[in-house]
Amino acid sequence: MKMNTRTSIPVHIMPHHLTLTPTLNACVRESVEKLSHYANDALAAHVVLRRHHGTAEGRRFSASLRLALPGRDLHAAATHADMYTAIGLMTRKLARRSRRRKTRHVRARILPVRGRVR
C-alpha cells in the first residue's frame, strides 16, 4: 500500500482593494495544492491578489505568488480583466517553473558531471 506523504502547503493570501470571498479563497488554495506535485519540498506559499484602480482598460486584476522553497524561491505574476483567469495564468507560470526546477534536480542526481578530465 502506497502512503501519501505529501502534506499541505501553508498558504498566506493577502487581498488588496478587494474582499476575499470563500470561493476565491478555495480557488487559490486549490491552485497552490496542484503545485505541490512538482514542489513537494515547498515551505509556504504567499499569494497577493490586487484590484487595480484607474487603468485605461477598466477593471484589471493581478495575482502574484511566491513559493518558498529550500534555496531559491519561485515567483510568478499575472494580470487579467478576470481575477480567476489571472490566478490560472499565474499557476500555469509557476507550474512550468517548478517542473523545470524539479527536472534540473533529478538530472543533477542521475547524470554524471560532464567535462574534461586532466
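Data table
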item	result
Filter result for MET90 (modelled with pLDDT of 90 or more, part of a strand (DSSP E or B) and touching a strand residue (DSSP E or B) at 6+ places or on another chain (Cβ under 7 Å))	no
Residue under evaluation ALA95, criteria (1) at pLDDT 85 or above; (2) assigned to a helix (DSSP H, G or I); (3) surrounded by fewer than 17 Cβ atoms within 10 Å (Cβ to Cβ), criterion not met	(3)
Filter result for ALA26 (under 18 Å from ILE87 (Cα atoms) and out of contact with any strand residue (DSSP E or B) (no Cβ under 9 Å at 6 or more places or on another chain))	yes
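The values are calculated or read from the model by the stated rules, or taken from the named source; none is laboratory data. These figures come from a predicted structure and were not determined experimentally. Note that each Cβ is placed from the backbone with ideal geometry, even for glycine, and that neighbours are counted across all protein chains shown.
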